[in-house]
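Notes follow once the structure below has been shown.
The values are calculated or read from the model by the stated rules, or taken from the named source; none is laboratory data. Model, not experiment: these values are computed from the prediction. Cβ coordinates were reconstructed from backbone atoms using ideal geometry, including for glycine residues, and neighbour counts include every protein chain displayed.
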Amino acid sequence: MTPRPAIHQLTPRLSTGDAVSNHVVWIRDCLRRLGYSSEIYTESTVPALEGEVRLLGGNAIPGDCALVYHHCIGTPLTDLVAAHKGPKTLIYHNITPPEFFAPYNPAFAEVLRDGRDGLSALAGDYPFAYGDSLYNVEELRAAGFEDCRVMPLPVSPSGVAPDARMLAALDDGLVNLLFVGRLAPNKAHQDLVESFYHYLCMDDGARLILAGVAGLGDRYVDLVRERIDRLGLKSRAIITGHVSQAELNALFKSASLYWSMSEHEGFGVPLIEAMWWDVPVLAYKSAAVAETMGQGGILFDDKSDLRRVAALAKRMVCDPALRELVLAAQRQRRQDFLPDRIQPQIATLAEALMATVKR
């Protein structure tokens, strides 16, 4: 049997615990099961994943391979892909609008601006491209990409047991309200903290857990911490920093509500993860959030009255009938993101790349 051609992937960085990296590894494994030779090329990675990747610099991407490029930030890799003569496709995971970061980290805002501004320059290099939501596909189309397709991220239960020590610590009688995401301006943690303050005025037996990386010396993180201090919430609003998968699973298992105030999501993996843990979701209706949620959860589109948002959160925690309606819809919606449902699109992607070779 003649081996199939190689289909490699290129991404700026491969890490643990982030949605794009998990997607890259999953696609590689799918391609290998389909009989293709497939490697991941990246500029950098973490020690735990060094055996999973080929670092650029020491390894050159074969010129005759097919290439899948994951575009999620401004990077010199875009020029490398543009010069690649073999067949290629792009998967767009969205790039946060730089305006969110400009007040806190102007240098990073410029990196984001380069990535978004450079999207239109890539359009002519790719005969077809993917976005992991229709929201992202619409951005591709606006940038000039013609053949754009939606391929959602696969999200399923991790299979990792929740951390027992964290479970015990969280089982202290307080209601746990959870948000998962790096502390970044687009996630609007400050709005969540303020709304939680109003929640405690209605029911003081609750705790807000902000699970995500919080960089030292980050001006936005400092703002969130200052907001927590000013409102007297240091003992009730917890910033976890990086958590392991086992610890994250403990947080989901202990949560009574998943509460998002985020103002920009290109997809929103934790929304679906909450569904798999049977945690009702309350989320601000922004960017791709409504698309990801489908008929699941409860969405709101007005932040002008954070007390009112807090009252809605409290009702979702305390009203058994409402909770069951929400959870029933979420149990249906989460099925759409099972890997087995999305995997056929990887075969379609590979076949489309091979058809490009034949032309």
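Quick notes
- Within the range 181-218, considering residues that are β-branched (Val, Ile, Thr) and over 15 Å from the mean Cα position of the chain (by Cα), the one nearest to ASP301 (Cα to Cα): VAL193
- Just so you know, in the range 39-83 the residues that are of a type in the set (S, T, N, Q) and within 13 Å of THR11 (Cβ to Cβ) include one that is surrounded by the fewest Cβ atoms within 10 Å (Cβ to Cβ), and it is SER44.
- ILE40 falls short on exactly one of the conditions (1) touching a residue at least 12 places away in the same chain (Cβ under 8 Å); (2) under 23 Å from VAL180 (Cα atoms), and that condition is (2).
- Qualifying residue in the range 268-282 (condition: in the same structural domain as ARG331 (by TED's automatic domain parsing), farther than 20 Å from LEU153 by Cα, under 16 Å from the mean Cα position of the chain (by Cα) and crowded, with 18+ Cβ neighbours inside 10 Å): no
- Meets criteria (of a type outside the set (Asp, Glu), assigned to a strand (DSSP E or B) and touching a residue at least 24 places away in the same chain (Cβ under 8 Å)) for ILE209: yes
- Test: ASP29 is surrounded by fewer than 17 Cβ atoms within 10 Å (Cβ to Cβ) and part of a helix (DSSP H, G or I): yes
- Residue in the range 10-18 that is out of contact with any Lys or Arg (no Cβ under 6 Å at 6 or more places or on another chain), in the same structural domain as THR75 (by TED's automatic domain parsing) and more than 27 Å from ILE95 (Cβ to Cβ) present: no
- Any strands (runs of 3 or more DSSP E) falling wholly within the range 78-180 and containing at least 3 residues that are assigned by TED's automatic domain parsing to the domain that holds GLN190 and under 21 Å from the mean Cα position of the chain (by Cα): 175-180
For every residue, the table says whether it meets (1) surrounded by 18 or more Cβ atoms within 10 Å (Cβ to Cβ); (2) at pLDDT below 95; (3) farther than 16 Å from GLN190 by Cβ.
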{"residue": "ALA211", "(1), (2), (3)": "yes, no, yes"}
{"residue": "VAL221", "(1), (2), (3)": "yes, no, no"}
{"residue": "ARG230", "(1), (2), (3)": "no, no, no"}
{"residue": "HIS242", "(1), (2), (3)": "no, yes, yes"}
{"residue": "ASN249", "(1), (2), (3)": "yes, no, yes"}
{"residue": "PHE252", "(1), (2), (3)": "yes, no, yes"}
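- Of all residues in the range 296-340, those satisfying the criterion of being within 30 Å of ILE27 (Cα to Cα) and charged (D, E, K, R) are ARG331, ARG333, ARG334, ASP336, ASP340.
- Any hit, the range 331-344, residues being touching a residue at least 24 places away in the same chain (Cβ under 8 Å) and in contact with an Asp or Glu (Cβ under 8 Å, 6 or more places away or on another chain): yes
- Against the conditions (1) of a type in the set (Ser, Thr, Tyr); (2) under 22 Å from TRP259 (Cα atoms); (3) modelled with pLDDT of 95 or more, TYR104 satisfies every one except (2).
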